[in-house]
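What follows is a set of notes on a single structure, which appears directly below.
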Amino acid sequence: DNYMPHEFYELASDEYRTAANKYMRAEPNSRNYLRFIVEELKPFIDANYRTRPGRDDTFLMGSSAGGMISLYGLIEYPEVFGGAACVSTHWPSSMMKDNPEANAPILAWLRGAIPPPGDHKLYFDFGTLELDSDYEPHQRAVDDVLREIGYVAGPLWQTRKFEGAGHNESAWQARAHIPLTFLLGRAQNEE
């Protein structure tokens, strides 16, 4: 419930909400979770450690549902976060393989919610085994939305497919350097 974006839950079909409710203790708490990160956790870290607290040096990264909340954090706080890495993102529609149109309301919301291209970095990836084997069509639909709103694959947006990678911590650890390098490296237009 901490990682489920409110809008994803509200716009999803009854079929999805029924499936999601099996895993959630309550309705989405993601707005409170993000508020905690932005208003309590980040200020504490910036006050107690040597950081670069600006937006262009502050990123979110997560796997599975953590990928969803990372993108949602960027959407809700584009002035705080300069980018998001969404690894093996568990898009809501991936739970409904036989109902591709169930993703339409969420994709429509994303069209208007994702920050415009040029100021933020977006990284997505997925594997081909385990749960990840269901993710490609859903990620490609999100990629289509990004292209529609003006994103161009390159230094500010990247989606990668990892053949033979599953939906597990070992797979994510093996490629963690890729999204970290993408987020922390300087894009060509920043040099």
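The values are calculated or read from the model by the stated rules, or taken from the named source; none is laboratory data. Source: prediction; values computed, not measured. In this analysis, Cβ positions are derived from the backbone assuming ideal geometry, glycine residues included, and neighbour counts consider all displayed protein chains. Heads up: the accessible areas ignore ligands, DNA and RNA and are worked out on the full protein's heavy atoms, side chains in. Shrake-Rupley method; radii C 1.70, N 1.55, O 1.52, S 1.80 Å.
Considering each residue of the range 123-137 in turn, at least one proves to be buried (at least 20 other Cβ atoms within 10 Å of the Cβ) and closer than 27 Å to E39 by Cα.
Among residues of the range 32-48 that are closer than 21 Å to D1 by Cβ, those with a Cβ under 6 angstrom from a residue that is not in a helix (DSSP H, G or I), sequence gap 6+ or separate chain, pair up as Y33/N2; V38/Y77; V38/V80. Scanning the range 68-104 for residues that are open to solvent by less than 50 Å² (accessible area, probe 1.4 Å) and either modelled with pLDDT under 90 or under 21 Å from T18 (Cα atoms) (or both) yields M68, I69, T89, H90, W91, P92, S93, S94, M96, N99, A102, N103. Go through the residues of the range 134-156 one by one and say whether even a single one is out of contact with any strand residue (DSSP E or B) (no Cβ under 6 Å at 6 or more places or on another chain), on the phi > 0 side of the Ramachandran plot and modelled with pLDDT of 95 or more. Yes, that holds for at least one residue. Just to be sure before I move on: is E190 open to solvent by 50 Å² or more (accessible area, probe 1.4 Å), among the charged types (D, E, K, R) and modelled with pLDDT of 95 or more in the structure I sent? Spelling it out, it is not the case that E190 is open to solvent by 50 Å² or more (accessible area, probe 1.4 Å), among the charged types (D, E, K, R) and modelled with pLDDT of 95 or more.
When the residues of the range 21-50 are narrowed to those that are among the hydroxyl-bearing types (S, T, Y) and part of a helix (DSSP H, G or I), which ends up surrounded by the fewest Cβ atoms within 10 Å (Cβ to Cβ)? Among those residues, the one meeting the criterion is Y33. For the structure I just gave you, tell me whether E15 is open to solvent by 30 Å² or more (accessible area, probe 1.4 Å), in contact (Cβ under 8 Å) with a residue 60 or more places away in the chain and not in a loop (DSSP other than H, G, I, E, B). Judged against the criteria, E15 is a match.
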